[in-house]
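*Asks:* The structure follows.
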Amino acid sequence: MPIAFAMFAVGWGANQFAPMLIVYRHELRLSAGAVAGLFLVYALTLIPGLLAGGPASDRLGRRPVVLPFVALSPLATLLFVLGPRSLAVITVGRALGGLCSGVVIGSATAWVQEVSPGDGLSVRRSALALTATIAILYHRQRPAIDPRSITLPADGAQHQALHIRLPTLSLGSTVSEATNLRLLQTSDPHSLEGLIQSPVTPGKTNLHVRWRGNTTIIPVTYLFDPTDSYEDGTPDFLRLHTFLDRQAFRAWFTSLAETQLDQPKLPPEIADCSALLRFVYRETLRAHDETWLGAHPREAALPAIGQYVYPKTPVGANLFRVRSGPFLPEDLRNGAFAQFADAQTLMQRNTYLIGRDLRLARPGDLIFYRQLDQESPYDVPDVTHYHSPFHSMIFCGEMGVVYHTGPIHRGKGEMRRLLMSDLLHHPDARWRPLPENTNFLGVYRWNILREGD
């Protein structure tokens, strides 16, 4: 029994080091390579200890070999206490811990066999002691997770925020990912990098990382982030950061615009070209769940935008920038964003110029015109409210452009589609999207898609 206890104590002491790796890496600013080196040092001394301990105790005796290394084992822990900020001292302590574990396990296993009466009982006790020691070494191991609490910007982006170092004796064990945690294998088979998808709204949550049935809870804080990387007035938390989200936006935006062509009755708010843009933009960013699809039976279930859904963002329902200047935190409260924006404001504050070459357009982009000299059907006789000379069309790729005419004399106007060949050869030259046409302002793209360029 004392021999088994000695094996237990040495095995337990050697594995007290693993949880401290988190502290060492943070306090000493150790690289991933340095952390891997500390695990390697242990293995490099453990294996020779296992190989040499048994033969040495055969020649010198069990007690003279086992007891000195049992006594030396606490010294390894003492070195961690005496030199907590010295990588050299920690390395020596780690090496000594591996050597003590190897020698004691290799020698004490044979000792247990010798002191057990009867061959069968001897073998069983030896096997039981060895199995118990290995089980202690195995089950006491924990992945080293760094850091143990995380603070990230609430910018909707994906961040490399977590490093997990798996124990050497993983034996097929896996780490279960939390919902918004993505684990990537590094070049080191015992090392994982954790990517966390930030929300766009500030708050706190917990990550639950499971290993061998045990759950490690890591608190995560998401802080409001006012960054406006392009200084165009659109905060980065509204920009769609991934290619898949930008593609989903384009697919929904063009699909919703084209669907309005076939509606027997348009939504009341779609009264002109800018109203069409606002409606389609807002509906594109909604959650297209079963309830929404049930209310829009003409729409197919396309891939979802994963970063956020309208109106669950810091700007709420006020999606459109209406004031000039880069984004500032106070813009959330000072009226810089609104639910309404006319065509000129959408062009100047919410989109950016791609060029005046129609070949640059991609589905979901916008074409803007300024028709100052027209006798326009948008101008309604006997109506005194302002009619913008700015007009827009939605580019839908091979299907041409979709737009709303705006009020036609005393009528409400209508949805129309033009193929690109027809638009380029429009009977009224002022509507041709050609560089020589001064009324053609260019191809514009939504600010939230800007990272794709």
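*Asks:* For segment 297-328, give me the residue count where each residue is surrounded by 13 or more Cβ atoms within 10 Å (Cβ to Cβ), farther than 15 Å from F249 by Cβ and of a type in the set (A, V, I, L, M, F, W, C).
*Replies:* Count: 5.
One line per residue, one yes/no per condition, for (1) surrounded by fewer than 13 Cβ atoms within 10 Å (Cβ to Cβ); (2) over 31 Å from the mean Cα position of the chain (by Cα); (3) at pLDDT 95 or above:
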| position | (1), (2), (3) |
| --- | --- |
| E330 | yes, no, yes |
| T351 | no, no, yes |
| D365 | no, no, yes |
| H387 | no, yes, no |
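*Asks:* If I filter segment 262-283 down to residues being farther than 17 Å from V401 by Cβ and modelled with pLDDT of 95 or more, which single residue comes out as farthest from the chain's Cα centre (by Cα)?
*Replies:* Within segment 262-283, the match that is farthest from the chain's Cα centre (by Cα) is R278.
*Asks:* Continuing with this model, one more query. For the subset of segment 212-231 comprising residues that are among the acidic types (D, E) and over 18 Å from T242 (Cβ atoms), which member is farthest from the chain's Cα centre (by Cα)? Lay out the reasoning, then the answer.
*Replies:* Of the residues in segment 212-231, the ones among the acidic types (D, E) are 225, 228, 231.
Adding the requirement that they be over 18 Å from T242 (Cβ atoms) leaves 228, 231.
Working: D228: 19, E231: 24 Å.
Once the filter is applied, the top-ranked residue is E231.
*Asks:* Quick check: is even one residue across segment 285-292 at pLDDT 95 or above and either under 18 Å from P363 (Cβ atoms) or within 18 Å of the chain's Cα centre (by Cα) (or both)?
*Replies:* Within segment 285-292, one or more residues are at pLDDT 95 or above and either under 18 Å from P363 (Cβ atoms) or within 18 Å of the chain's Cα centre (by Cα) (or both).
*Asks:* How many residues, within segment 194-211, are more than 12 Å from the chain's Cα centre (by Cα) and either under 15 Å from T221 (Cα atoms) or surrounded by 15 or more Cβ atoms within 10 Å (Cβ to Cβ) (or both)?
*Replies:* 10
*Asks:* Quick check on I196: is it of a type in the set (A, V, I, L, M, F, W, C) and either at pLDDT 85 or above or touching a Cys at 6+ places or on another chain (Cβ under 8 Å) (or both)?
*Replies:* Judged against the criteria, I196 is a match.
*Asks:* Among the candidates I270, I218, single out the residue that is surrounded by 15 or more Cβ atoms within 10 Å (Cβ to Cβ) and outside the structural domain of H404 (by TED's automatic domain parsing).
*Replies:* I218
*Asks:* Turning to a different aspect of this structure: Which of the residues spanning segment 301-343 are in contact with a Leu (Cβ under 9 Å, 6 or more places away or on another chain), free of Cβ contacts under 8 Å to residues at least 40 places away in the same chain, farther than 29 Å from R370 by Cβ and of a type in the set (A, V, I, L, M)?
*Replies:* A301, V309, listed by residue number.
*Asks:* For segment 188-277, list the strands (runs of 3 or more DSSP E) that sit wholly inside it and hold at least 2 residues that are in contact (Cβ under 8 Å) with a residue 60 or more places away in the chain and within 20 Å of P311 (Cα to Cα); which are they?
*Replies:* Of the strands (runs of 3 or more DSSP E) lying wholly inside segment 188-277, those with at least 2 residues that are in contact (Cβ under 8 Å) with a residue 60 or more places away in the chain and within 20 Å of P311 (Cα to Cα) span 214-223.
*Asks:* Could you tell me how many of the residues in segment 425-453 are over 27 Å from L240 (Cβ atoms), polar (S, T, N, Q) and either loosely packed, with under 14 Cβ neighbours inside 10 Å or in contact (Cβ under 8 Å) with a residue 40 or more places away in the chain (or both)?
*Replies:* Here the count works out to 2.
*Asks:* In segment 278-293, what residues are in a helix (DSSP H, G or I), surrounded by fewer than 17 Cβ atoms within 10 Å (Cβ to Cβ) and either of a type outside the set (S, T, Y) or not assigned by TED's automatic domain parsing to the domain that holds M399 (or both)? Break it down into steps so the answer makes sense when it comes.
*Replies:* Of the residues in segment 278-293, the ones in a helix (DSSP H, G or I) are 278-284, 290-293.
Right, trim to surrounded by fewer than 17 Cβ atoms within 10 Å (Cβ to Cβ) and you get 290-293.
Once the filter is applied, which keeps residues that are in a helix (DSSP H, G or I), surrounded by fewer than 17 Cβ atoms within 10 Å (Cβ to Cβ) and either of a type outside the set (S, T, Y) or not assigned by TED's automatic domain parsing to the domain that holds M399 (or both), segment 278-293 yields E290, W292, L293.
*Asks:* Being modelled with pLDDT of 70 or more, outside the structural domain of S191 (by TED's automatic domain parsing) and under 30 Å from A34 (Cβ atoms), is that true of even one residue in segment 119-141?
*Replies:* Scanning segment 119-141, I find no residue that is modelled with pLDDT of 70 or more, outside the structural domain of S191 (by TED's automatic domain parsing) and under 30 Å from A34 (Cβ atoms), so the answer is no.
The values are calculated or read from the model by the stated rules, or taken from the named source; none is laboratory data. Values in this document were obtained by computation on a predicted structure and should not be read as measured data. Don't worry about glycine lacking a Cβ; one is built from the backbone with ideal geometry, like all the others, and counts go over all protein chains shown.
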